[in-house]
Amino acid sequence: MDKVLQKEIEILMEVLDCPKDFACYKAGFEMLCRAEDIGLQSFLLCLEENSSNCAFSFLQRGFYFCQCPIRRRILTSSKQ
């Protein structure tokens, strides 16, 4: 992970309340949920079977969306 991305994530962690205590970050982002960027500015499409159990997911028109800003930043950085 480059230093700019790491700094952005650390800033997000300072203001974000994560019920999983940033387990994704602590694991070096090796344990990420499945999600897809579908072009929405602030949300990802959640692809997990147990989406309703995630504190960052919400149901809209039959689909679960992820609103975790760290997960979104990780996914969008991998596309660059």
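None of the figures in this text is laboratory data; all of them are computed from the coordinates on show. It should be emphasised that the depicted structure is a prediction, and the values quoted were computed from it without experimental measurement. In this analysis, Cβ positions are derived from the backbone assuming ideal geometry, glycine residues included, and neighbour counts consider all displayed protein chains.
In a residue-by-residue description of region 40-59, the property of being out of contact with any Gly (no Cβ under 6 Å at 6 or more places or on another chain), under 24 Å from residue 7 (Cα atoms) and of a type in the set (D, E, K, R) applies to no position.
Restricting region 36-72 to residues that are of a type outside the set (Val, Ile, Thr) and touching a helix residue (DSSP H, G or I) at 6+ places or on another chain (Cβ under 6 Å), the residue that is surrounded by the most Cβ atoms within 10 Å (Cβ to Cβ) is 44.
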